[in-house]
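Colleague: A single structure is presented below for examination.
The values are calculated or read from the model by the stated rules, or taken from the named source; none is laboratory data. Bear in mind that the values here come from a model prediction, so they are computed numbers and not experimental data. Cβ atoms come from the backbone with ideal geometry, glycine included; neighbour counts cover every protein chain shown. These area figures cover heavy atoms from the full protein model, side chains too; ligands, DNA and RNA do not enter into them. Shrake-Rupley method; radii C 1.70, N 1.55, O 1.52, S 1.80 Å.
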Amino acid sequence: MAILEIIEFPHPNLRKIAEPVTAFDAKLGRLVDDMFETMYEANGIGLAATQVDIHKRLLVLDTSEEKDNPQVFVNPIIEIIESDLSEYDEGCLSVPGFYETISRPKKIKVEAQNRVGEKFSIEAEGILSVCIQHEIDHLDGKLFVDYLSSLKRNRIRDKLQKDHKSSS
């Protein structure tokens, strides 16, 4: 397994729309394993393939306290079950060091495939729902900062760009 590089906002590749996964092979299995290793190493609870500059409709997550419930969603499709909104402080491995309160639908249903292509469906609420919605946004070229005012988004972008320049 390998730790992959997580690209950071405002990298333009974070805006690419991910393509469906069509091959459920050993290469996909390695990518899933590498994404889990990368996510755990970065202390994240979710990671979309877009964040590691691979533009396939794939995300991994583990919202458990013990980090013992890894979940894989390939080609996920989301349906809102309960449109009442919940607010959560969200952060993002592609927007390091920033947390903002975001409102998202409370309960969702997700249809997806697992790492070997088998279809499944789950209903989610709470942090699991938030995490799935956040990661699917990545697959659609959207970031949690897009839910913020342009002033806040620009401040975050400027700070991260400054940090990138000072670390180069």
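Colleague: Tell me the relative contact order for the chain as a rounded percent, counting alpha carbon contacts under 8 Å between residues six or more apart.
Modeller: 24
Colleague: Using the beta-carbon distance between Glu125 and Lys165 and R0 = 41 Å, what value does 1/(1 + (r/R0)^6) give for FRET efficiency, to the nearest 0.05?
Modeller: The pair Glu125/Lys165 has a calculated efficiency of 0.50.
Colleague: Under the rule of at least 5 residues apart or a separate chain, name every residue whose amide H is placed under 5 Å from the amide H of Ser64.
Modeller: Residues meeting the criterion, in which the H sits 1.01 Å from N, are Asn69.
Colleague: To the nearest 10 square angstrom, what accessible area does Lys56 show with a 1.4 Å probe?
Modeller: For Lys56, solvent-accessible area is about 80 Å².
Colleague: Taking a cut-off of 17 Å between Cα atoms, list the lysines near Lys109, but don't count ones fewer than 8 places away on the same chain.
Modeller: In chain and number order, the partners are Lys119.
Colleague: Also, I was wondering about something else. Quick one: which residues, 5+ away or cross-chain, put their amide H under 5 Å from the amide H of Gly141? H built at 1.01 Å from N.
Modeller: The list, which skips near neighbours in sequence, is Ala18.
Colleague: Whose amide H sits under 5 Å from the amide H of Lys56, counting only residues 5 or more places off or on another chain, with H placed in the peptide plane?
Modeller: Result for Lys56 returns Glu19, Thr50.
Colleague: Can you give the local net charge around Phe36? Use residues other than it whose beta-carbon is closer than 14 angstrom to its beta-carbon, Lys and Arg +1, Asp and Glu -1.
Modeller: With Lys, Arg at +1 and Asp, Glu at -1, the net is -4.
Colleague: Mind checking which lysines have their Cα closer than 30 Å to the Cα of Lys162? Skip sequence neighbours fewer than 8 apart in that chain.
Modeller: Answer for Lys162, where 30 Å is the Cα cut-off: Lys16, Lys56, Lys142, Lys152, listed by chain and number.
Colleague: Would you work out if segment 1-104 is rounded, prolate or oblate? Take a ≥ b ≥ c from the square roots of the eigenvalues of the alpha-carbon gyration tensor; rounded if a/c is under 1.5, else prolate when a/b is larger than b/c, oblate otherwise.
Modeller: Cα axes put segment 1-104 in the rounded bin.
Colleague: Quick one: 3J(HN,Hα) in Hz for segment 5-14, Karplus 6.51/-1.76/1.60 with θ = phi - 60°, rounded, Gly and Pro as x.
Modeller: Using θ = phi - 60°, the values come out as 7, 8, 7, 10, 3, x, 3, x, 5, 5 Hz.
Colleague: How charged is the neighbourhood of Ile81? Take every other residue with its Cβ under 12 Å from the Cβ of Ile81, and add Lys/Arg as +1 and Asp/Glu as -1.
Modeller: Charge balance near Ile81 sits at -2.
Colleague: Now for a different question. Assuming a ≥ b ≥ c are the square roots of the Cα gyration tensor eigenvalues, decide whether segment 107-158 counts as rounded (a/c under 1.5), prolate (otherwise, with a/b larger than b/c) or oblate.
Modeller: Since a/c reaches 1.5 and a/b is larger than b/c, the shape of segment 107-158 is classed as prolate.
Colleague: Could you state the number of Å between the C-alpha centres of segment 53-98 and segment 2-30?
Modeller: When both Cα centres are located, 14 Å separates them.
Colleague: Work through the residues other than Asn154 whose Cβ is under 13 Å from its Cβ and net out their charges, Lys, Arg +1 and Asp, Glu -1.
Modeller: In short, +4.
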